[in-house]
Amino acid sequence: MSNLEALIFDVDGTLADTERDGHRIAFNLAFKEYKLDWDWDVDLYGKLLAVTGGKERMNYFLDNFNQTFQKDETTQDLIIELHQAKTRHYTELLATGTIPLRPGVKRLIKDALDNDLRIAIATTTTPENVTALLEHALEPGSCDWFEVIAAGDIVPAKKPAPDIYTYALEKMKLPASACLAFEDSENGIRSSQGADLKTLITINDYTRDHDFSGAALVLSDLGEPGNSFTTISGDNHGFNYVNVEMLKVIHGS
Ligand code: XBP
Ligand code: MG
């Protein structure tokens, strides 16, 4: 077994609760801008999260949840335009600072850097969205803390395919056995496990009933000193917030 050398983080749902009050709102603003009567409420959006990627999600909606819109040869161009508008709305929303990082995220990232661990991102979302979140919710300039930001269409097959994690590992020239992944969803853990990464899950309202079999640990959140996480499944080794010391025990190094 290698030593623990790097942490690879998912973004949406893991670093911050971006889906319900971020991506969903931005999609709806884009639909309005294009005078479409599509409106994704909180419940419907939960169903649409079965498919990762905004363009893929709009296609999934049209194919499965919309009886009236007739797809034709112009539809994919419309989806691309809608997605660009959605990205604009989403990054504008994040710039207002309304979406904070989840508990323990900033502390753990700083702890990792203080302990010379390398950090990376592996996400389905568009690169501009990652930059907007890191700049506004983590710290200005914090994008540079991440050795690799693997995001969006950089690989054709999105999560649950393992490709985005494999890409990040290749860029870092690290074996999966030297890393831990952080995820929040079933599609996410299927992707990270497909790349042979040991994975720690922090659930959220959309993902608490997902199948996380094989996860190293499933927690409510990363916890903070004085504000313990709740353990959903797995061995927390007596820790009550996630820090590098705990991650080394989980990793077995
Ligand atoms: C994130 C996603 C993304 C965002 C939308 O999944 O599914 O599709 O909801 O992003 P994960 P874009 O957390 O597993 O990476 O609209 O930019 O595609
Ligand atoms: Mg996620």
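What follows draws every value from the coordinates through simple rules; no lab data is involved. Quantities reported herein were computed from a predicted structural model and do not represent experimental measurements. With ideal geometry, Cβ positions are generated from the backbone for all residues, glycine too; neighbour counts draw on all protein chains shown.
In table form, for the structure just shown:
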read-out: From the C-alpha gyration tensor of the chain, square roots of 5λ in Å; value: 32, 18, 18
read-out: Those aspartates and glutamates that a straight Cα-Cα span of less than 17 Å connects to Lys173, excepting residues fewer than 8 apart in one chain; value: Glu5, Asp116, Glu147, Asp163, Asp196
read-out: Per-peptide average of other Cβ atoms within 10 Å, ordering 203-213, 162-172 highest first; value: 162-172, 203-213
read-out: Equivalent-ellipsoid semi-axes of the range 102-173, from the Cα gyration tensor, Å, largest first; value: 21, 15, 10
read-out: Radius of gyration and Dmax over the Cα atoms of the range 2-128, both given in Å; value: 17.2, 55
read-out: Proximal aspartates and glutamates to Lys158, defined as alpha-carbon separation beneath 16 angstrom and excluding residues fewer than eight positions away on the same chain; value: Asp10, Asp12, Glu56, Glu183, Asp184, Glu186
read-out: Gained length - Lys173 relative to Val249, 0.36 nm times residue gap less alpha-carbon distance; value: 25.1 nm
read-out: Helix runs (DSSP H) in the chain reaching 27 Å along axis by Cα, Kyte-Doolittle at least -0.5; value: 75-95
read-out: Virtual spin-label span in nm between Asp205 and Asn240, 7 Å along Cα→Cβ; value: 2.7 nm
read-out: Relative contact order (%) - criterion: Cα under 8 Å, at least six apart; region: the range 123-222; value: 20 percent
read-out: Residues whose placed amide H lies under 5 Å from that of Ile232, excluding near-sequence neighbours; value: Val218, Leu219, Ser220
read-out: Cβ-Cβ FRET estimate between Ser233 and Phe65, R0 fixed at 30 Å, reported to 0.05; value: 0.40
read-out: Long-range tail of P(r) for the range 2-73 (Cα pairs > 21 Å, %); value: 33 percent
read-out: Over the chain: helical MRE at 222 nm, DSSP H runs n ≥ 4 each giving -39500 (n - 2.57), nearest 500; value: -11000 deg cm²/dmol
read-out: Sparsely packed GluC sites (Glu not before Pro) within the range 51-151, loop by DSSP, other Cβ within 10 Å at most 15; value: Glu73, Glu147
